[in-house]
Amino acid sequence: MQRAFTIETRGQGLYEFTSDVTDWVAEQGVQSGLLTLFIRHTSASLLIQENADPEVQTDLRNYFARLVPPTNDPAMAYLNHTNEGPDDMPAHIKAAMMPVSLSIPVCAGRLALGTWQGIYVFEHRDAPHTRKVAAHLC
């Protein structure tokens, strides 16, 4: 079974779509299996992360912004790919450092996520984007 999820972003940050995935898996009636998610973009990532305290998402975003600043930061002067804006190449670097696919077991018809775990698109670009995540359940 396959499906595509569409996640609208509003700039850099984490966007949870756990409930969309959970609902779809439940509708499929699969009791035991494996869900694979894959983001179809080179400037965003997928994460399983805490969904109880929003400060976790803020801190992650701030950490990666400090780790990989925009290309107009003097520390990034060595980068060549700058024609799509100062956030573009750093977005590609962040996506290269983080997962672009996730594998989540399905047990007893439910995602085997922990109590505080959620599924997120981590948007690395400043502008809003429409992100597509391919899902395969077997």
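The values are calculated or read from the model by the stated rules, or taken from the named source; none is laboratory data. Keep in mind that what you see is a predicted model, and the values were worked out from it rather than measured. Using ideal geometry, Cβ is built from the backbone for each residue, glycine included, and neighbour counts are taken over all protein chains shown.
A few comments on the model shown:
- The residues listed here are Ala127, Ala134; of these, the one that is assigned to a strand (DSSP E or B) and surrounded by fewer than 16 Cβ atoms within 10 Å (Cβ to Cβ) is Ala134.
- As a summary of the residue check, Leu137 satisfies the conditions (1) under 28 Å from Arg66 (Cα atoms); (2) touching a helix residue (DSSP H, G or I) at 6+ places or on another chain (Cβ under 7 Å) except for the one numbered (1).
- Hits in the stretch 100-127 (condition: more than 14 Å from the chain's Cα centre (by Cα) and within 23 Å of Ala65 (Cβ to Cβ)): Asp126, Ala127
- Contacts under 8 angstrom Cβ, first residue in the stretch 63-85 being assigned to a helix (DSSP H, G or I), partner among the polar types (S, T, N, Q), 6 or more apart: Ala65/Gln12
- Of all residues in the stretch 26-56 being touching a helix residue (DSSP H, G or I) at 6+ places or on another chain (Cβ under 8 Å) and in a loop (DSSP other than H, G, I, E, B), the one that is surrounded by the fewest Cβ atoms within 10 Å (Cβ to Cβ): Thr42
- Flag if Pro90 is within 17 Å of the chain's Cα centre (by Cα), assigned to a loop (DSSP other than H, G, I, E, B), at pLDDT 95 or above and not hydrophobic (A, V, I, L, M, F, W, C): no
- In this structure, Arg66 does not qualify as surrounded by 17 or more Cβ atoms within 10 Å (Cβ to Cβ) and basic (Lys, Arg).
- Boolean, Thr22 is outside any strand (DSSP E or B), touching a helix residue (DSSP H, G or I) at 6+ places or on another chain (Cβ under 9 Å) and among the polar types (S, T, N, Q): no
- For Thr42, the criteria (1) touching a residue at least 12 places away in the same chain (Cβ under 8 Å); (2) closer than 25 Å to Thr115 by Cα; (3) hydroxyl-bearing (Ser, Thr, Tyr) hold in every case but one, which is (2).
- The residue that is surrounded by the most Cβ atoms within 10 Å (Cβ to Cβ), counting only those in the stretch 1-19 that are touching a helix residue (DSSP H, G or I) at 6+ places or on another chain (Cβ under 7 Å) and assigned to a strand (DSSP E or B), is Leu14.
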